[in-house]
Structures are given as C-alpha cells and as structure tokens.
Amino acid sequence: MRAGPALQATLLAGLLGLTGAARATTAPPLTLAQQARKAEVIVRATLGTPAEVRDGDVTYVAYPLTVTETIAGDPASLPRQGGAPALLFLKGVADLPDLRSGQDVIALLYAGRFDSPLVGFNQGFYPVVNGSLVPGVSVTPAVTAVTPATPAVPPAATPTPPATETITDPAKLRAAILAAREVRP
C-alpha cells in the first residue's frame, strides 16, 4: 500500500516537528514540597557578575555563586565559573527570573546543564531582600494523618481547599524545604 501525497506531507511535517503552532518550553507549577524533592542542590547564595560561557556550540550566561549556606546536596556538583559554583542559563532563554549581581537568593537547583538550572524551569528561585523573601512563598502546611475514633462523616459536596501560609522568613523556608525532603515518596 502506498501513502498518498497528503499523508506523506502530514507524516513529513510531523517528523520535522512542523505541526501546530510553535511550542514554548513550559513547566507545570510545582509546590514548594515538589521543588524541594526534585532539587539536587539547594543553597543560599549571593549572585556574582554574569559572564558568557561557551560549551561547544552552546552559549550560557553564568552567574558565579558565593554560597553562604548549603541546605541540601553538594554545591561542588554544580557547573563552575571562575573557580566558583555557578548558575548557567542558556543564553536567550525566555522567562528567567530577575537576576542581579549581588542578589541574595535561595535556589533549588539541578546539578546538570539545562536551559535553566532552577527546579521547575525557573520556579526554584527565591530572592531575599533585607532579610525577607520577596515575594513571600505560599505553602500548604503539612497535614498529619489522624485515625478517627468514630465513623467518618461523608465529605461535603464542595471540598475546602487546603489552607496556605505565606513564608517570608528564610529560616522558615529552609525548615519547610528540609521537612519536604524528609517525606520522600
């Protein structure tokens, strides 16, 4: 059986990735707990002056890090720039957070070289300004399972969304990250 010209064109377009509109890189929103469990390295650090770095035909923008606290993982596993661990972003990648030299941040990171080293395609980035997280981080407090002594009441027709809390204290963010990493599936 031989494919007709229309089917051949459709198959070729599919193989070449030409079907549909241009696709942007997106990531589903991750909770802080999901980010914490996915991260290979979590640090509080100050961003250094960015520099372009070439790796073969690929150009990255590298922000050297002065690590002030290691929350999880080993910062030595991160790519390096100027002898220091660094954040490497693919040059020209869209939707990066606002990165500035001298900025104090808590970063949840992948150790490898990707478009963005931040977990969840730029979600794992928390600036610290004057000792507070800006903006604050919304988290759902952990719920402890309780076995009821009496039979359970049937659930309401419209479930109530879990309560959230906004964390602005970096120490509380650290505690929430560490708690989430202890609850690995």
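Summary of computed values
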{"read-out": "Total residues in the range 79-104, condition closer than 17 Å to Val67 by Cβ, free of Cβ contacts under 8 Å to residues at least 40 places away in the same chain and small (Gly, Ala, Ser)", "value": "4"}
{"read-out": "Residue in the range 42-69 that is nearest to Arg100 (Cα to Cα), counting only those that are polar (S, T, N, Q) and touching a residue at least 40 places away in the same chain (Cβ under 8 Å)", "value": "Thr49"}
{"read-out": "Candidates Leu65, Leu109, Leu99, Leu87 - the one that is within 20 Å of Thr31 (Cα to Cα) and hydrophobic (A, V, I, L, M, F, W, C)", "value": "Leu109"}
{"read-out": "Unique match (being without any contact (Cβ under 8 Å) to a residue 24 or more places away in the chain, out of contact with any Asp or Glu (no Cβ under 9 Å at 6 or more places or on another chain) and closer than 21 Å to Arg181 by Cα) among Ala39, Ala76, Ala107", "value": "Ala76"}
{"read-out": "Residue match in the range 66-89 (condition: surrounded by fewer than 15 Cβ atoms within 10 Å (Cβ to Cβ), of a type in the set (A, V, I, L, M) and at pLDDT 95 or above)", "value": "yes"}
{"read-out": "Some residue of the range 74-89 being closer than 10 Å to Val41 by Cα and assigned to a loop (DSSP other than H, G, I, E, B)", "value": "yes"}
{"read-out": "Total residues in the range 48-73, condition part of a loop (DSSP other than H, G, I, E, B) and in contact with a strand residue (DSSP E or B) (Cβ under 8 Å, 6 or more places away or on another chain)", "value": "4"}
{"read-out": "Strands (runs of 3 or more DSSP E) lying entirely in the range 99-185 (those with 1 or more residues that are surrounded by 13 or more Cβ atoms within 10 Å (Cβ to Cβ) and at pLDDT below 85)", "value": "137-139"}
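Residue-wise test of (1) closer than 24 Å to Gln34 by Cβ; (2) among the small types (Gly, Ala, Ser).
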position: Thr68; (1), (2): no, no
position: Ala76; (1), (2): no, yes
position: Arg80; (1), (2): no, no
position: Ala84; (1), (2): no, yes
position: Ala94; (1), (2): yes, yes
position: Asp115; (1), (2): yes, no
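The values are calculated or read from the model by the stated rules, or taken from the named source; none is laboratory data. Fair warning: this is a prediction, and the values are worked out from it, not measured in the lab. For neighbour counting, all protein chains shown are included, and Cβ atoms are generated from backbone atoms with ideal geometry for every residue, glycine included.
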